[in-house]
Every structure is written in structure tokens, then in C-alpha cells.
1. Only one residue in 27, 7, 67 is surrounded by fewer than 21 Cβ atoms within 10 Å (Cβ to Cβ) and at pLDDT below 95. Which one?
2. Is at least one residue of segment 114-131 touching a strand residue (DSSP E or B) at 6+ places or on another chain (Cβ under 6 Å), among the hydrophobic types (A, V, I, L, M, F, W, C) and under 14 Å from residue 10 (Cα atoms)?
3. Name the strands (runs of 3 or more DSSP E) wholly within segment 1-41 that hold at least 3 residues that are within 14 Å of the chain's Cα centre (by Cα) and within 21 Å of residue 164 (Cβ to Cβ)?
4. Here is a check on your reading of the model: is residue 149 modelled with pLDDT of 95 or more, outside any loop (DSSP other than H, G, I, E, B), of a type outside the set (D, E, K, R) and more than 19 Å from residue 44 (Cβ to Cβ)?
Amino acid sequence: MKVQWYGQACFLFEGQGVRLVTDPPAGVMGYQLPEEEVDLATVSHDHSDHNNVNALHGAPAVINTPGVHEVKGLRVESYSAFHDNMGGAQRGPNLLFVWEMDGVRVCHLGDLGHLLDAKSLQDLGRIDLLLAPVGGVFTIDADRAKQVVDQIGPRIVIPMHYKTPVLQLPLATVDPFLRLFQSGQVRQEQCLAVEGATLPPSQEVVVLAYRVPAA
């Protein structure tokens, strides 16, 4: 399975003959979207930096509701959560997505705004690779993201939804989150290639490079 980051909460997953994109952002965010044809897109909530599915190539199937879904043999589970810590009263609902690709069980938290309760943790089950928002303001911040990581206990954590040089939103950078881990746990990659047999024996944080449009 190959994983590439396209900014905010947008990733391209390629494995098992399927291309899956999460939360594609609008172009005004400053990030590039995948140029490949996509089979499936997940949308955690209906905000413009997460729902730009019409800009994707290949007319992908879109999952934006809770439930169990299957596209090209890939089973995707989606669970209800909230975009804030007030039961959705401030920013509305959010979806958590789980799927297994090439022996790796993946969880994308969308714009999660709260810690997880026992029911949510039971629904998610074992997670190998976790994509977690860490920039605060509109989602959990670095400290709460670390608490969610500790709740779930994945082998690999990929931070997302944080301030970068191209993003104008007032988010924190990834640095406060990274400081909560030992330096030996953190590595930087252009993209991540992983399968069930190559998962690290202990927890790692992988900071991915993001894609921007060519000048």
C-alpha cells in the first residue's frame, strides 16, 4: 500500500487495485489534488476543505454517510463522531473511516473534535495506521491528538490538518504534536509504502510531504 498526502486531511491510498482519496480540499487551500483516476472518495463532513469530490478524476464512488460500504472489493466502515467537543452543536457531525488494505488496518479521523468514548473505540477495533488531525482551532489540538493516539494505540501515526507554508487557516504547525514523542519515533517521508508484514514493531510517527500545484 502506498500513501501520499495532498494537504489538510487529503490522502491518496493505493493498494489491492484500488485508489482511495480522503477529504479532497478545494483549490483555494493551496494544495494539489491527485492527478490519477480515483475509485473511491471518503468525505468526513461537508466543509469545502474536505468535500471537493467533483475535482477528482475518474468519477469515484463517494462515501459520506455512516455504515458499511464496499467498492471494488474494499470494505469501508464509517462511524459517526463530532467536529467539536459539544456534541456537534458548534461545527456539526464528522465521520471516522476504517478500512483494511494490503494487510494494514487504517483509520482516518476526519476533523475529529473530541476524545473517543468506549463505543467508538470498540467500533474502530485494532488500528495499524492512524491519520489524526493535530492543528487545533477546528479540530483536536496536539495534546488531545496525543491522547487519541494513546487511546487507539496504532503502530503508525500520520499527522494531518495542521499549518503549512501554503495554508492560510490559523492552525498550529505539526511541531507541538511531534514534541510529544521521542525523537527516534518520528521520521519524514515523501510518501509511505507499507503492508501488514512490514509494520514497525513499535509506534512511529510519519510526517509526509504535501503536494502543491506546479508553478
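The values are calculated or read from the model by the stated rules, or taken from the named source; none is laboratory data. A quick note: this is a predicted structure, and the numbers were derived from the prediction, not measured. So basically every Cβ, Gly included, is an ideal-geometry build from the backbone, and we count neighbours across all protein chains shown.
1. Matching residue, one of 27, 7, 67: 27.
2. yes
3. 2-5, 11-15
4. Criteria not met by residue 149.
For every residue, the table says whether it meets (1) closer than 23 Å to residue 27 by Cβ; (2) at pLDDT 95 or above.
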site	(1), (2)
131	yes, yes
155	no, yes
165	yes, no
183	no, no
